[in-house]
Amino acid sequence: MAANENLLEIKNLKKYFPVKAGVFKKTVGHVKAVDDISFAVKNGETLGLVGESGCGKSTTGRTILRLLEATAGEVIFDGKDVLAMDKKELRGIRKEMQIIFQDPYASLNPRMTVADIIGEPLDIHKLVSNKKERNEKVKDILEKVGLGEEYMNRYPHEFSGGQRQRIGVARALAVDPKLIIADEPVSALDVSIQAQVINLLQDLQNEFGLTFLFIAHDLSVVKHISDRVAVMYLGKIVEITDKEKLYEDPLHPYTQSLLSAIPVADPTAKKDRIILEGDVPSPVDPPSGCRFHPRCPKAFDKCSIEEPVFKDYGDGHFAACHLLEE
């Protein structure tokens, strides 16, 4: 595979959840969690996916892996459409695509030892032939994530949050994947531990040539780890570009407001905050036109009527905003 080739391509992906009501549980509407988004992740890069809570980031990640079934669209991984696969084909490609979950407390089985947690995917995919080989592999993986073999027979409750997340990373790494979807992997951890886990992910990426889709709402974390950043609002991607351009010259008003909220270490520094009015609209009944227009300080008449086109404004800097077309 060429270095500049896309490992993952998302085309017009949708995930709607039915809203049921009444005695007969009739479908009366849909939560449009992910609504017609398209983007690509290049081989060996880290794409950050950011946005407010409830904007559809985690649903996007789980739909890509078919932990949730998509409503429509295509997920092209390594040249194959994941959404069109039957169960047998899907199982074959599962080891190529792994996930690190947000909550290190809930994502590990409390009744399993570390050796069994990390060894389970090795057994499922028949990557080891006996218990001795499995234990050797588990020991090697634990060392890669900064834990020794003395931890193999312990249970999740015996570990701190940071150590548990390292176990989650080890489990994802066990089957030698090409793509790892990291679903807010550090948001439940202390700030000092966050840095350790982020640095670990970067070291593993360099060593194994991994590709990451890094989902987060902390823009400072995303800036540290990502090559490119996609900004999501109410089920839509509103901007995507490399991190330098996004942080230095954000095009979309929503991105500008997010970046203005990043805390600055210098208490004497003056920073213009862009305070958004109102609340995020409901994904059951999203606004017409641009979904951001009810809260946008720069909105004008066209914004409430016509949906902006998501297009390239130079050097791969994509955005969807009527202001840019004026």
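Just so you know, all these numbers are worked out from the coordinates, no wet-lab data involved. Please read these numbers as outputs of a predicted model, since none were measured by experiment. Here the Cβ is made from the backbone with ideal geometry for all residues, glycine too, and neighbour counts use every protein chain on show.
The table below gives the values:
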{"read-out": "Hydrodynamic radius by Kirkwood, which averages 1/r over all alpha carbon pairs of segment 169-326, in angstrom", "value": "17.6"}
{"read-out": "DSSP H segments from the chain that extend 24 Å or more along their own axis, Cα-based, with Kyte-Doolittle mean of 0.0 or above", "value": "191-208"}
{"read-out": "Calculated over segment 1-135: convex hull of Cα atoms, volume per residue (Å³)", "value": "181"}
{"read-out": "D (Stokes-Einstein, µm²/s), Kirkwood Cα radius, segment 214-297, 1.002 mPa s at 20 °C", "value": "153"}
{"read-out": "Whether segment 128-182 is rounded, prolate or oblate, judged on the alpha carbon gyration tensor where a/c under 1.5 counts as rounded", "value": "oblate"}
{"read-out": "Euclidean distance between Cα centres, segment 98-120 to segment 173-202, Å", "value": "14"}
{"read-out": "Cα pair distances of segment 101-257 binned at 5 Å [whole percent]", "value": "2, 9, 18, 19, 18, 13, 9, 6, 5, 2, 0, 0"}
{"read-out": "Coarse-grained scattering of segment 5-57 at q = 0.31 Å⁻¹, given as base-10 log I(q)/I(0) from a Debye sum over alpha-carbon atoms", "value": "-1.15"}
{"read-out": "Theoretical FRET efficiency, 1/(1+(r/R0)^6), r = Cβ-Cβ of Arg154 and Glu52, R0 35 Å, to 0.05", "value": "0.40"}
{"read-out": "Residues Arg66 and Ser260, FRET efficiency given R0 of 35 Å [Cβ-Cβ distance, rounded to 0.05]", "value": "0.45"}
{"read-out": "Rg to Rh, two decimals, where the chain supplies the alpha carbon set and Rh follows Kirkwood", "value": "0.99"}
{"read-out": "Gyration tensor (alpha-carbon) shape descriptor, segment 18-91, a/c threshold 1.5", "value": "oblate"}
{"read-out": "In Å, descending, principal axis extents of the Cα set of segment 73-191", "value": "42, 38, 24"}
{"read-out": "Unit Cα scatterers, Debye sum, segment 278-326: log10 I(q)/I(0) for q = 0.25 Å⁻¹", "value": "-0.95"}
{"read-out": "Highest to lowest packing among 297-307, 163-173, 15-25, scored as the average C-beta count within 10 Å", "value": "163-173, 297-307, 15-25"}
{"read-out": "Relative packing of peptides 147-160, 42-55 - highest average C-beta neighbours within 10 Å first", "value": "42-55, 147-160"}
{"read-out": "By average C-beta atoms within 10 angstrom, highest first, the peptides 233-243, 272-282", "value": "233-243, 272-282"}
{"read-out": "Descending principal axes extents, segment 48-113, alpha-carbon based, whole Å", "value": "34, 34, 20"}
